1. Can you give the accessible area of A:D34, probe radius 1.4 Å, in Å² rounded to 10?
2. In terms of Cα to Cα distance under 14 Å, which aspartates and glutamates are near enough to A:K315, apart from those fewer than 8 places away along the same chain?
3. What average count of beta carbons from other chains do you get within 10 Å of the Cβ of residues in A:63-69?
4. Excluding same-chain residues fewer than 8 positions from A:K291, which aspartates and glutamates have a Cα within less than 17 Å of its Cα?
5. Need the list of lysines near A:K316 for cross-linking: C-alpha distance under 17 angstrom, and skip anything on the same chain fewer than eight residues off.
6. With charges set only on the Cβ (+1 for Lys and Arg, -1 for Asp and Glu), what does the dipole of the stretch B:1-72 come to about its Cα centre, in debye to the nearest 20?
7. Give the calculated FRET efficiency between A:K52 and A:E288 to the nearest 0.05, with a Förster radius of 56 Å applied to their Cβ-Cβ distance.
8. Considering only protein heavy atoms, what is the solvent-accessible area of A:R272 at a probe of 1.4 Å, reported in Å² to the nearest 10?
Amino acid sequence: MSGENFAVDLRKQKVLIVDDSEMNRCMLADILEDDYDIVQAKNGVEAVSILKERHFEIALVMLDMVMPEMDGIEVLEVMNKQQWIDNIPVIMISVENSAGYIERAYNLGVTDYIKRPYDAFSVRRRVINTIMLYTNQKNLVGLVADQIYEKEKSTNLMINILSHVVEFRNGESGLHVIHVQNITRIILEKYAEKYPDSGLTESSIATISLASSLHDIGKISIPESILNKPGKLTDEEFAIMKTHSSVGASMLESLSFGSGDPLIKTAYEISRWHHERHDGRGYPDRLEGDKIPLSAQVVSVADVYDALTSERVYKKAFSHEKAIDMILGGECGTFNPKILECLKETSDILKDTLNLTAAEHLSPRGVKNITEEILKNNDLDVPGKTLNNLENEIAKHKFLQSISREIQFEYGNDPAMLNISEFGAKKLGLPENISDPKNSEQLMSVISKESLNELSEAVYKATFEQPVTEYECDLKIDGELKHCKIICLTIWADDDHSRRDGVVGKVFDAE
Amino acid sequence: MKAGNHMNIKEFYNFIGEDFNDVIGRLRAESRVCKYVLKFPDDKSFDNLLSSMKEKNYSEAFRAAHTIKGTCLNLSFNSFAAVASEITEKLRNFNDTAAIESDTELDGLLAEASEKYAKIISGIEQIDAPEQ
């Protein structure tokens, strides 16, 4: 093994070998180094610190069980806690043959177990197979995510077209279905939050809001003369109008395909029962209270609210406040008090939604959450494409850093760790990784404590608009004090830029 | 090159009473076997085992014996590995100091291990090392 791995081979995947015996590490490295980039750790603590920094690029861990400092089981526990185990396969390699040990390791998520003495051929094959399996899985996750998105998109599109056809025939703009969809979703999200036992999930909420678009589908059977009559309907006409809910339901019921589909089932409930009343005085079935499915109960509130706040041939639009008052005051029917409670609490959001002329049917956030939910249920994780892109970016960055003759550094807040480029570490006479740098005596031998504090204060003044900090001080380079300029960029941990992830930067000679 | 070198790697395995075919079957390349056998004296696990026993640091002794067992199995030093394995099992409950110290077989096993270790080391010293 030559220790000098200056240039990183981008084509080779990285295998982390963790074993306290140098001999054992060498033997494994020897078997694998033709095909893989080998990273070595001599105990569990080292392994965890390597994983902390580089878990995105490690393709596989070969893990010994009995080690000082931190043993294999403890490493597995950390990998579980940090969820690294979901993306990094672990092959346990040990002479340990006590059943309890092996069982515990499997329970903690190891993919394979190789017993010593091993043969070189099997080790290589099992490593290749395990990595291929995981790579395939990552790709599959990406494919599944794409397909879910495509499917959602086409379903939404079809339902949109269908509900718009119905609406245009009613002489409405098509906005009604969009509004009902949004209001339904907002109320249901509140409901799920207030009543966690309701069984509502992100995906059932999406199904109900989407199905809500079909609530008036039965109106296609109502003559236009009645539908678009400007004046009051006669009793006879109103009786015909009222058939739209049961007609819509039977249309959905008689679909020869998709009858078991949750979307169709929900659309059926909504279509049939969105004119039922909580007191049992609605139509067509005079259902009472919670005999009316929650989906239909929520859509009926949403339907009434949007009808009140929209202009119709026979009425003007009421204001948001007036509409809420009318509904809560029982002027437009009786509703489930829990849903009215949700309506009240989401009043501000509803008001904003009302101002939207067109809305995305399924927000990107919704798609993401649904995807996550489905992926979680299938034991899959982050879409593979994203992960691969990230891996590539990290590999490129590492490579460029390794060949640049510059003092570059990265500082991460959590855990506090300073990483210096290989070249930089040599120039400064420091190790490449320094944990808890603010209290590191080694670091103070290169930069004075005062300068370090000033630098840290300067960095903390960085804002999202002005994330770059420049600071000048003396640094010991190649053993001599030199006046230098440090330029660094603050990296934010979250989208709203309230938390700092750390900084990246470079040292320039200012003399 | 040291004086008295005269064995090749196969002869070495014969000398210590082990099966060369077994190790070459697993590690595949003679050069690889040779490299590790020559590296074996650098591995300080056996010294570590003896000194840890002396210092009554039984957890460290357990790990050392465990490591020896693994390494030796990989090199097909099977009879040495067998003794190391017996020692490993006797030290597995390393917190039970009383049981370890009253174990009458342990000293005998350590003596046997030392003997086998010495034999392996003396054999390695006689191997004609290939030109590096």
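1. Per-residue accessible area (A:D34): approximately 120 Å².
2. A:E172, A:D306
3. Mean shielding count: 3.
4. A:E269, A:E276, A:D279
5. Counting by Cα, and skipping residues close in sequence, A:K316 has these lysines nearby: A:K229, A:K232.
6. Roughly 180 debye for the stretch B:1-72.
7. 0.45
8. 50
The values are calculated or read from the model by the stated rules, or taken from the named source; none is laboratory data. Predicted model only: the values in this text are computed from it and were never measured. With ideal geometry, Cβ positions are generated from the backbone for all residues, glycine too; neighbour counts draw on all protein chains shown. The protein model used for the area step is the full one, side chains on, heavy atoms only, and it has no ligands, DNA or RNA in it. Shrake-Rupley method; radii C 1.70, N 1.55, O 1.52, S 1.80 Å.
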